[in-house]
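This report refers to the structure that appears directly beneath it.
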Amino acid sequence: MLSIVIPVHNESDVIPTLLSRLDRVTRQLDVPVELLFVDDGSHDNSVALLLRARQRQPDIRVVQLSRNFGKEAAVTAGLEHARGDALILMDADLQDPPELIPRMVAEWRRGADVVLMKRRSRAGESWLKRITASLFYRVINRISDASIPVDTGDFRLMSRRTVDALNRLPERNRYLKGMFAWVGMPTVTLEFDRDPRAAGKTKWNYLKLMHLAMEGITSFSTRPLRLALLLGLLAAGAGGLFGTWEVLRALIFGISTPGYASMIAIVTFLSGVQLLCVGLLGEYVGRIYMETKQRPVFIVAEDSEDEAQPILTHL
Ligand code: UDP
Ligand code: MG
């Protein structure tokens, strides 16, 4: 069985098109399919649309989270609930064309554990987003241990053992791109042209992207901490040398020490660096704190599989 996992957050504009395009594609496949939608706290009629479609099409399953937990949590819920021997992860907004699914399944049949979909083009994305994205990949790959393939999103196929491996990763701060890369497994990469969003609008903004970038950097590398150490060493070295020089100069030429302005400059600069490093440390400490709370990544309010007895898990 193939599970197609789709996180949904207020996507009622695209759901009808999504369902019909998915239907056309899955009909051609010779594997049974489970369409697993994870509703990430939508407050439009996404869920109603999906549940109505489910009456006609019993291979649809809707797992509703108790509130909006964010895409990464929704995907995590999907990975844990899917039962297929292979799993395809895709966005609801049709930026990842469902028509590519047969090619992905063919690669899986040929023995690939992961079929990565690499974007050849990014239609409908502003140049600012492209530049910041490429910069981000460059930074994170320089500093983190598992290298994250450039221009690949979450659109991918994963074999059962890959999904099981992912499900065993216990962290609460879920930076999926990095986790996928960390798990590894034999991978095939296919290229595709990424479409612009079919309808509705993106849920991302630069603040969220920055948060994600920070998450990515801090959860996959402690190298920034070492950078802080290095900065400290450099500053201390320079300070020591300068101090020695000043003492010698005073001994040889007598004392005349103007330089109020340069002193202020150095003091403010160095206290800035110090605050920055404390903040950096704080980022890591905060994440340790969140991890130690051991809270679940998401809460399922309702699962269309066990309709007879909707489970409401309260915190
Ligand atoms: N999404 C989600 N929870 C959120 C935000 C987004 O489940 O809090 C889903 C959304 O419904 C879509 C996918 O994540 O299926 C990608 O979102 P979007 O298209 O807004 O992001 P972009 O493609 O612009 O990066
Ligand atoms: Mg999108």
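The values are calculated or read from the model by the stated rules, or taken from the named source; none is laboratory data. All of these numbers come straight from a predicted model, not from anything done at the bench. Cβ placement follows ideal geometry from the backbone for every residue including glycine, while neighbour counts extend to all protein chains displayed.
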Go through the stretch 84-103 and count every residue that is part of a helix (DSSP H, G or I), away from ligand 1 (no atom under 16 Å from the Cβ) and touching a Lys or Arg at 6+ places or on another chain (Cβ under 8 Å).
-> 1
Is one or more of the residues making up the stretch 122-140 within 24 Å of Arg172 (Cα to Cα), surrounded by 20 or more Cβ atoms within 10 Å (Cβ to Cβ) and away from ligand 2 (no atom under 16 Å from the Cβ)?
-> yes
Going by the conditions given, is Leu176 in contact with a helix residue (DSSP H, G or I) (Cβ under 6 Å, 6 or more places away or on another chain) and either within 16 Å of ligand 2 (Cβ to nearest atom) or without any contact (Cβ under 8 Å) to a residue 12 or more places away in the chain (or both)?
-> yes
Residue satisfying condition, being surrounded by fewer than 18 Cβ atoms within 10 Å (Cβ to Cβ), charged (D, E, K, R) and not assigned by the TED database to the domain that holds Ser46, within set Arg172, Arg168, Arg249, Arg160 = Arg249
If you take the residues in the stretch 58-92 that are farther than 30 Å from Met185 by Cβ and either surrounded by fewer than 15 Cβ atoms within 10 Å (Cβ to Cβ) or among the small types (Gly, Ala, Ser) (or both), which one is nearest to the chain's Cα centre (by Cα)?
-> Arg67
Which one of these is in contact (Cβ under 8 Å) with a residue 12 or more places away in the chain, away from ligand 2 (no atom under 16 Å from the Cβ), outside the structural domain of Lys71 (by the TED database) and in a helix (DSSP H, G or I): Ala235, Ala261, Ala301, Ala213?
-> Ala235
Test set (1) surrounded by fewer than 19 Cβ atoms within 10 Å (Cβ to Cβ); (2) in contact with a helix residue (DSSP H, G or I) (Cβ under 7 Å, 6 or more places away or on another chain) - Gln55 fails condition number | (2)
Options Leu281, Leu207: the member that is modelled with pLDDT of 80 or more, in the same structural domain as Ala82 (by the TED database) and not small (Gly, Ala, Ser) = Leu207
All positions within the stretch 89-117 that are away from ligand 2 (no atom under 16 Å from the Cβ) and under 12 Å from Arg156 (Cβ atoms) = Ile101, Met104, Glu107, Trp108, Ala112, Asp113, Val114, Val115, Leu116
